[in-house]
1. If you check Ala268 against the conditions, is it in contact with a helix residue (DSSP H, G or I) (Cβ under 9 Å, 6 or more places away or on another chain), crowded, with 20+ Cβ neighbours inside 10 Å and over 25 Å from Glu125 (Cβ atoms)?
2. Suppose we filter the range 218-259 for residues that are of a type in the set (D, E, K, R) and either farther than 25 Å from Thr42 by Cβ or not assigned by TED's automatic domain parsing to the domain that holds Gly321 (or both); how many remain?
3. Of a type in the set (A, V, I, L, M, F, W, C) and within 21 Å of Glu312 (Cβ to Cβ): does that describe Leu202?
4. Return the only residue of Phe283, Phe239 being under 27 Å from Pro151 (Cβ atoms) and in contact with a helix residue (DSSP H, G or I) (Cβ under 8 Å, 6 or more places away or on another chain).
5. Suppose we keep only residues that are over 17 Å from Ser267 (Cβ atoms) and under 18 Å from the mean Cα position of the chain (by Cα) within the range 14-54. Which one would you say is surrounded by the most Cβ atoms within 10 Å (Cβ to Cβ)?
6. Count, please, the residues in the range 58-74 that happen to be surrounded by fewer than 19 Cβ atoms within 10 Å (Cβ to Cβ) and either part of a loop (DSSP other than H, G, I, E, B) or under 19 Å from the mean Cα position of the chain (by Cα) (or both).
7. Quick one: would you say Ser95 is touching a Leu at 6+ places or on another chain (Cβ under 8 Å) and among the hydroxyl-bearing types (Ser, Thr, Tyr)?
8. Looking at the structure I just gave you, is Leu71 within 30 Å of Pro261 (Cα to Cα) and out of contact with any Gly (no Cβ under 7 Å at 6 or more places or on another chain)?
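The values are calculated or read from the model by the stated rules, or taken from the named source; none is laboratory data. Being a predicted model, the structure only gives us computed values, none of them experimental. All Cβ positions, even for glycine, are placed from backbone atoms using ideal geometry, and neighbour counts span all protein chains on display.
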Amino acid sequence: MDKILVIQTAFIGDAILTLPMIQKLKEQNDTCEIHVLAIPSTHEIFSASSYVDRVLVIDKKNKHKSLFGLLRFIKEIKVNNYAKIYSPHRSLRTSFIVLSLGVKETYGFSNSSLKHVYRHIINYEPGHHEVQRNLELIGYTNKNNDWKILPEIRSDKEIIEKIDRYFSDNKINSKIAAVAPGSVWNTKIYPQEYYREIINFLKDKGYYIFIIGGEKDKELCADLITNIPGSTASVAGMFSLTETIELLKRAEILISNDSAPTHMGVSAHIPVLTIYCSTVSSFGFYPYNSKSSFLSFDDLPCKPCGIHGHKECPVKTFDCGYKLKPQIVISKIEEMLNDKN
């Protein structure tokens, strides 16, 4: 059986947005094994895809950080004799891995580092959504909105039972909303005082609000609801990625920064409202499932200030966050909830 390798060693959101490509790739090559090269934090995402046969983990920060460690890792996976490699990831390390594996049929983007190591170079379209770009990498023809394929992430029986048990133990039986207030990049984080107004609005509407995030978001999420009594709970760091997605399936809406939870909400197929501060939707990472939307204050000469974001606002004003007033967000939430009902 031929084996195909997909290399995606970027962040959690990028991993989720690679799944539609993998799903179509498996359909196109149903007699092949699909292997994915991932990092430790995204192993869980690819392992929960029924289209992935094997997940290989490269530890870029520790075990495989050195050149010796990387070469040893390449030697270990070279025995798989891959027939093809597709690489949505565009880093120098990734190109070195592709070159070292010596596979003839390789596919990469035109803006990849050392792009000429790839036999097939596919034009990277900045104006397209990331899902659409990834599908173009495998030659999938997009017609109209055919690219809007949802990432499929399985919840096994144990995960479903765990979330059910959490709801039962905490006697949660009201309507659910979720808020994801964190991000790796500080200039992507919508002001916390604004989020408090949004949470209070949802509470007044009879919603129980989950504040979601990773282990590093625990303090931020806990602080957010410190002075908001009842009908709220921070579950940051409490559940795994796939468990959090299962929890989101119970929610009627997710409000998120331009960060990984946006894509987790899309995979849960619920309405997602993404708030853009320093970044913009035209980068191609907006929520694309039905009834989802996004908001952004774009009338600023300094926006966007970078593809990812910064630790602090480069011009010291953070107008991209502060000028997007909470009432604008609340009005959009009301519109989305009314549309859902």
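1. The answer is yes for Ala268.
2. Here the count works out to 2.
3. Considered against the rule, which asks whether it is of a type in the set (A, V, I, L, M, F, W, C) and within 21 Å of Glu312 (Cβ to Cβ), Leu202 comes out as no.
4. Being under 27 Å from Pro151 (Cβ atoms) and in contact with a helix residue (DSSP H, G or I) (Cβ under 8 Å, 6 or more places away or on another chain) holds for just one of Phe283, Phe239, which is Phe239.
5. Per the criteria, the residue is Leu37.
6. Selection size over the range 58-74: 7.
7. Yes, satisfied.
8. No: the conditions fail for Leu71.
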